[in-house]
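Have a look at the structure below before the remarks.
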2 protein chains.
Amino acid sequence: MNQFDNDTRMVALEQGRMAGHVHAVWSIGSNPNGGYLLSLAVAALREAASAHRDPLSVTAHYLRPALAGQACTVNTTMVRSGRSLSTLRGTLTQDGAARIEVLAALGDLAEQAPPVLTVAAPQIPAPEACVPRSGAQQGVMLPLLEMLDIRLDPSTGPLGTCASGGGSARIAGWIRFRDGRAPDALACILFADAFPPAVFSVLGPVGWVPTIELTVHLRARPAPGWILGQFVTVDMQDGRLIEDGALWDSQGTLVSQSRQLALLLDPARRPPASAARTAQ
Amino acid sequence: MNQFDNDTRMVALEQGRMAGHVHAVWSIGSNPNGGYLLSLAVAALREAASAHRDPLSVTAHYLRPALAGQACTVNTTMVRSGRSLSTLRGTLTQDGAARIEVLAALGDLAEQAPPVLTVAAPQIPAPEACVPRSGAQQGVMLPLLEMLDIRLDPSTGPLGTCASGGGSARIAGWIRFRDGRAPDALACILFADAFPPAVFSVLGPVGWVPTIELTVHLRARPAPGWILGQFVTVDMQDGRLIEDGALWDSQGTLVSQSRQLALLLDPARRPPASAARTAQ
């Protein structure tokens, strides 16, 4: 079994309750990555909604930092079970406190017609010509990078270069599992929150950008190979920003769209890593 | 009291439970509008989260069509109560069945600094030079239009004109309450789902486009006057589409962003109005 499948495995306890483990390797600094936490919760919801496996729409609210290397439980509630959609709630809890709250609609993307309207992948250099994401760029340890191979378009890299112009921040690049596991729906949820925040391309690595809320829409099951990701912020005010993301598979198919509301902490008010609500 | 405040008024029953009424005037055909239903639910969540009034992030999943002209209850649960954010769940129920399920973070937008990054409002003709939205365009009664004055940019109107080019559908226009009520946070939630679906600009009025899930981010409290809305779809496949929306106030401030996942029903498989999950 590969690492991601092992590290998102959920075991049923009683009706509507599952047990898992928040593995420390999927962390940014000492905080479990928000996309990893959400993929754990969605893995539990998929078990609860046995008829539907594809997360068509998943929203997570990040309540408190999670605890790396510790057990978790996910309480699931079926909100509505329909023919084409299962709608569920889930709460991921550690040490007696809720860490993330999730609301999701699962469906089936097995049979797909070609898109009527779609967005083409941006043209960026091949993975070999991109810059590996590294913790040194951000001044933080990134255990996540032992699991994920992330290559950033050098024209949008998180080194203070501004790829914008008209008041926007953009980061683009490639992502895949280091152990060769193929991307799938659950991986897209992880990948939607594994790149550096787009605002780093304008502001430099300004520290923690904790997610308040993240919504991921899976649009198609990805083909094997590299995933291309692009993340854009055009709206930042009053210490909060919106980041829009999109992922394309190796066939050029748009496989997911995502959007998050995040906090840009004032450096003077920035809490220590252990106090951040979640890590991107 | 103006109509919208009256028609979103919630009365506390017992702890965590509120009563209201789904007024028939806020309907599309015979179905209560999805934005109106969400503003009812958020009105209840605001009462439950007394410390925080502004819906920073609100996600609704539409489970079943609501019942116009009938009572409703909203069960609210405080997920986390913090200094700067209150996170809550809510379920709007009628006649014993859940109609929409909501997850929201409320905060305070009273003190705002100027935006660091933002999106300028599109240039469209003044309201007097735009085309009033009408039910005749869609072949359906729109009671909602007795409450809301909606004027569509004629270059993007819902009459089959294609404002696109590169594979996108766009609708833009103006919106305000007919009774002169000023826009506010709750109104922005209604306005985020009160325009015709953007795909009508490409496909013509193809019928019901029921919302599966809608997320609204309030970015600033709106100034009095007309609100300018723009709604864009660039991603439609397999009978599902994503529509991105933005609202600007009369000062040109970006006051909300929204995104919804909706079903584009095959005309041959289109259910009667009473069976649609919700109406846009």
Which of rounded, prolate, oblate describes segment A:1-112, given a ≥ b ≥ c as roots of the alpha-carbon gyration tensor eigenvalues and a/c under 1.5 marking rounded, otherwise prolate only if a/b is larger than b/c? prolate
At q = 0.09, 0.10, 0.13 Å⁻¹, base-10 log of I(q)/I(0) for the protein assembly as shown (Debye sum, equal scatterers on each alpha carbon): -0.62, -0.78, -1.40
Contact order relative to length of segment B:8-119, as percent, for alpha carbon pairs under 8 angstrom and 6 or more apart: 28 percent
Give me the accessible area buried between chains A and B, both sides summed, with a 1.4 Å probe, in Å² rounded to the nearest 100. 4800 Å²
7 Å along Cα→Cβ, label-point gaps from B:Arg17 to other copies, nm, shortest first: 2.5
Relative contact order for segment B:115-241, counting Cα pairs under 8 Å that sit 6 or more residues apart, in percent: 27 percent
Over chain A, what is the relative contact order in whole percent, taking alpha-carbon pairs under 8 Å and six or more residues apart? 20 percent
Base-10 log of normalised Debye intensity for chain B (one unit scatterer per alpha-carbon) at q = 0.07, 0.12, 0.15 Å⁻¹: -0.23, -0.70, -1.12
Heavy-atom accessible area ranking, 1.4 Å probe, most first, across B:Thr91, A:Thr211: B:Thr91, A:Thr211
Leaving out ligands, DNA and RNA, and with a 1.4 Å probe, what % of the accessible surface on chain B is carbon or sulfur? 52 percent
Please express the Cα-Cα pair-distance distribution P(r) of segment A:97-237 as a list of whole percents, one per 5 Å bin, running from 0 to the bin with the greatest distance. 2, 9, 16, 21, 20, 17, 10, 4, 1
Mean accessible area per residue over the protein assembly as shown (1.4 angstrom probe, all protein chains present, square angstrom) is 35 Å²
Listed residues B:Asp179, B:Asp244, B:Asp235 arranged by accessible area, highest first, probe 1.4 Å: B:Asp179, B:Asp244, B:Asp235
Report the semi-axes of the equivalent ellipsoid for segment A:62-142 in whole Å, largest first, where each axis is √(5λ) for an eigenvalue λ of the Cα gyration tensor. 32, 29, 9
Global form of segment A:201-260, assessed from the alpha-carbon gyration tensor, a/c cut-off 1.5: prolate
Any idea what the B:Ala223 label distances to the other copies are, label 7 Å down the Cα→Cβ vector, nm, shortest first? 5.0
Identify the GluC sites (Glu not before Pro) of segment A:56-141 meeting these criteria: DSSP loop state and at most 12 other C-beta atoms within 10 Å of the C-beta. A:Glu111
From the label point of B:Ala182, set 7 Å from Cα along Cα→Cβ, how far away are the matching label points in the other copies, in nm, ordered shortest to longest? 5.8
In segment A:227-261, what residues drop by 40 Å² or more of accessible area when the other protein chains are put back, versus the chain on its own? Use 1.4 Å, and skip ligands and nucleic acids. A:Val234, A:Asp235, A:Met236, A:Gln237, A:Asp238, A:Arg240, A:Ile242, A:Gln257, A:Arg259, A:Leu261
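The values are calculated or read from the model by the stated rules, or taken from the named source; none is laboratory data. Source: prediction; values computed, not measured. All Cβ positions, glycine included, derive from the backbone under ideal geometry; neighbour counts span all protein chains shown. The accessibility values were calculated without ligands, DNA or RNA, using every heavy atom of the protein model including side chains. Shrake-Rupley method; radii C 1.70, N 1.55, O 1.52, S 1.80 Å.
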